[in-house]
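In what follows, a structure is listed as structure tokens, so that the remarks can point back to it.
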Amino acid sequence: MKKITLLLFLATSFTFAQRIVEIVTINGESLNDFITNTSNTLNIGTDYDFVIDFSGQETSDNDLIIKVLTAGFGDTANIASVPITTASGQLTVTLTPSAEVSGGIIQVRTTTSVNFANSGDNVFDYGWNVDPALSTEDFNKNKLQAFYSTSRDAIVVKDRMDGGYSIYNLLGQSVLEGDIANAEEINVGNLKSGLYILSTKQGTLKFIK
């Protein structure tokens, strides 16, 4: 009787990290909320802090880049970048527009990307304008009437405001939420030292605790 030997092959499963470039927040707000509050408009000379998720990206000679392109995909000088040093996580990239753009495109990508489409290495968001810097009058109209007080360890609210508020860290994580209606101050004593963004219907406030 012949001996039959069965050879068993073990199938090995390989999991490759999916590459992701995703806008988590802009100035502490979700992309949709930021678009709603700004009508797809940035201003020259204003800082915009983009928190970007970059899961699965290369770590060698690779940067996260944000720029504003013209409608014809011509590069502008509006570019900001930070190096990617770990395979996944989130980074904050600050974009400060320096030239007017009409109907432009916000592009978020990595320097190693070769696929210039909405892919795991790229984000394109269309229909953005870059307008001149806000005048003092315009800035005061839109500025959140609040400031951080070190002595009180609180956000002091100067004018009566309505609605809820959220405070975000630079990873885009909400660390404190509440209702700002009729409040005179927002206690932030339980927050660790660092840079935070207060987001309300009236605007945003960047503060260092």
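Details
- Taken over the range 176-209, the criterion of being open to solvent by 60 Å² or more (accessible area, probe 1.4 Å) and either of a type outside the set (Lys, Arg) or not in a loop (DSSP other than H, G, I, E, B) (or both) is satisfied by Glu177, Asp179, Asn182, Glu184, Glu185, Asn187, Asn190, Ser193, Gln202, Lys206, Ile208.
- Condition met for Asp75 (out of contact with any strand residue (DSSP E or B) (no Cβ under 8 Å at 6 or more places or on another chain), open to solvent by 60 Å² or more (accessible area, probe 1.4 Å) and in a loop (DSSP other than H, G, I, E, B)): no
- Within the range 78-102, the set of residues being open to solvent by 60 Å² or more (accessible area, probe 1.4 Å), in a loop (DSSP other than H, G, I, E, B) and closer than 14 Å to Asn62 by Cα comprises Thr85, Thr86, Ser88.
- Just one of the numbered conditions (1) in contact (Cβ under 8 Å) with a residue 40 or more places away in the chain; (2) buried (at least 17 other Cβ atoms within 10 Å of the Cβ); (3) of a type in the set (Val, Ile, Thr) is not true of Ile105: (1).
- For the criterion of being at pLDDT below 70 and among the small types (Gly, Ala, Ser), Ser166 fails.
The values are calculated or read from the model by the stated rules, or taken from the named source; none is laboratory data. Every value quoted in this text rests on a predicted model; they were computed, and no experiment measured them. Note that we place each Cβ from the backbone using ideal geometry, even for glycine, and neighbour counts take in every protein chain shown. What goes into the accessible areas is simple: the full protein's heavy atoms, side chains included, and nothing from ligands, DNA or RNA. Shrake-Rupley method; radii C 1.70, N 1.55, O 1.52, S 1.80 Å.
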